[in-house]
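Written below as structure tokens is the structure these notes are about.
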Amino acid sequence: MEPVRSRLAGSPLPGPGRRQQQQRAGRSRKRPSSGESPGWELPTRRLRRRMTGSEQQGGIPPVPTTPIEAGSRSSNQSDSASSGDEDGDFPLAFHQQSEELSVYEKKRLKNIQENAQFFASLNMLETAKKLREIGKRGPVKREIAPRREKFKSSGEQPMVRRSMRLLRLDPAGTPLPEIPIETPVETEERISGPLKMIGNEEEDSKVTENLMNTWLEISQDKVRIKEKQPVELKKYKSSLNKMTIQKSFVAKVTTNRVCSLAFHPSPHRFLVAAGSTYGYVGLWDLSSQADAIHQFKPHLGTVNCLHFSPSNSAELLSLGNDGTIRCGNVAAAVFDEVYTSDSRNTSSFDFLAEDGSTLIVSHWDGDVTVVDRRTPSTSGELDAYLGISHLRTVSVHPVHRHYFVTAEDRCATIYDVRHLKASHKRAVAHMNGHTKKVNSAFFSPITGNRVVTVCMDNRIRIFDTSAIIPKIPLVASITHNNYTGRWLTKFRAVWDPKREDCFVVGSTVRPRQIEVFHDTGARVHEFSDAECLGSVCSTNVMHSTQNVLVGGNSSGRLHVFMDNSLSG
């Protein structure tokens, strides 16, 4: 059998057969009337148009109105149209068979004509021709901007306005006096041996002499320590309410931040010592109205700890961050050297013996040293490494003095000084629960049955140390903002020496205040004054026998709250 395409191209198409006539007759019966909408589609292929040369130039091709016209137009086209393939028009025989157009075909032809007119109005062929011409053009050359000429200085400097303050001139143009250049602390060399108790300024020699005479006079009186009777908490609260502050009880005792405080035990005349950064120690006689403040400089580093000797109140022991402990002896007017460490910085100390003859000293790197003041040597009698990386404070048990508690990293631990000679310095008891560094840990002053700790996890914890067991139970936990930042001294909760169950701690709450808590976690009192207390008092101390409280801030100022009967 020869191919259909070649057979149709060589001879005219035969007329429709009988079966095709029957199918066409059946479809004609199914055509809808002129009033109905055509819901069917012609079974023939879609009508296609081939554009002539004039049509490709943008003209609108004529639309055939009858199948005969369509057939006649398709007969004049290429061989593909007469062959009847998919890309050609309808066969001529088909158009000759259909003499009339249906409603659907008329509507479809009308839509085709409208669409052709719409696309012709868009001028798409002309636009495409222009785009092709643009694409054939070469790349556009950009003009190169001329180089800028280098600026040639004329040699004259322009006038620059400067601040009168930076030029050290007053508004009238007069030069201000030169600022004295301070010698950096790092360049100072540590002097070994005793230092003369000379004031920070030689012009104040009379003030120093008067202060030393007062200190020696009140130290000669023997302080009778009565047996401390337990006072009801209600009466204690009422006594705290009587303590007030006056403007005369606010003074700048040190030039820098206060880091430690100590109260002279005299019940008649109140002398307070304040240790600050850069090795300064300030003394303030609260009972004197004039020339009551003076500064000494026994250390090179920050004074981390201060204690008056329990057996001789004319002696003030100070610990500096430079690795030294000195004893200010007012009778000899010197600062004797008690302990020296050339390689390690010291953080705290406490008295092992009741008479103050032996000390336990802590170092930042985790070492502790036992110092005997009765020996002529300034080195320690015993050095022991506790195996910890951070050691801030040390506190001795008031009854069983061979026990001491340390504030470590995320723990407070109790050690026995009798076991420090062993190769394994194991702790006797642990106070767990801390999640960050512990700033301080102190035994209660009378029986030692409580330990209060201040931790950087914003908690104050009280532990029951009535029995020294491996795991010390927790009594209370107080939520307290202990974030002091870089420029404030770390908070330390210190016990009221007159009581076993109450302690004092600084606060960041506004208005500024100093808080007193009970060992159950209840707040007992807040010391505050809108006019006289406007800063955070990080370091605080209570008098051992009288209702007097002193708080120190970061600018070197001391704030004194005192019972009204004592202030008069």
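Remark on segment 367-421: ratio of C-alpha radius of gyration to 2.2 N^0.38 Å is 1.18.
For segment 323-384, the relative contact order comes to 24 percent (Cα pairs under 8 Å, sequence separation of at least 6). Full extension of the chain segment joining Asn564 with Glu232 gains 117.4 nm, where the gain is 0.36 nm per residue of separation less the Cα-Cα distance. Ligands, DNA and RNA are left out, and with a 1.4 angstrom probe the accessible area of segment 216-358 is 44 Å² per residue. Rounded, prolate or oblate: which fits segment 413-525 when a ≥ b ≥ c are the square roots of the eigenvalues of the alpha-carbon gyration tensor, with rounded for a/c under 1.5 and prolate only if a/b beats b/c? It is prolate, given that a/c is not under 1.5 and a/b is the larger ratio. The local environment of Val509, defined by Cβ-Cβ distances under 15 Å, has a net charge of 0 under the rule Lys, Arg +1 and Asp, Glu -1.
Taking the 1.4 Å solvent-accessible surface of segment 464-568 as the whole, the part contributed by carbon and sulfur is 52%.
Among the listed pairs Lys436/Lys471; Lys234/Lys471; Lys297/Lys490; Lys252/Lys490; Lys234/Lys498, a Cα-Cα separation exceeding 26 Å is found for Lys234/Lys471.
P(r) tail, segment 430-495: Cα-Cα pairs separated by more than 17 Å, 39% of all pairs. Full extension from Ala120 to Arg410: what is 0.36 nm times the residue separation minus their Cα-Cα distance, to one decimal in nm? Length difference between fully extended and current span is 95.7 nm. If you take all other residues with their beta carbon under 10 Å from the beta carbon of Asn345, and give Lys and Arg +1 and Asp and Glu -1, the sum is -1.
Taking all protein chains into account, the per residue accessible area for segment 478-531 stands at 45 Å² (1.4 Å probe).
With 0.36 nm allotted per residue and the present C-alpha distance subtracted, the Asp372-Asp464 stretch has 30.1 nm of extension available. Each semi-axis of the equivalent ellipsoid for segment 302-345 is √(5λ) with λ an eigenvalue of the Cα gyration tensor; in descending order they amount to 20, 11, 8 Å. Size check on segment 347-474: the Cα extents along the three principal axes, sorted descending, read 43, 30, 24 Å. Protection proxy ranking of 555-566, 398-409, 450-461, by the mean of other Cβ atoms within 10 Å over each peptide's residues and highest first, is 450-461, 398-409, 555-566.
The values are calculated or read from the model by the stated rules, or taken from the named source; none is laboratory data. Given the structure is predicted, the values throughout are model-derived calculations rather than measurements. When we count neighbours, we look across all protein chains shown, and the Cβ atoms used for this are built from the backbone with ideal geometry, even at glycine. For accessibility, only protein heavy atoms count, side chains too; no ligands or nucleic acids. Shrake-Rupley method; radii C 1.70, N 1.55, O 1.52, S 1.80 Å.
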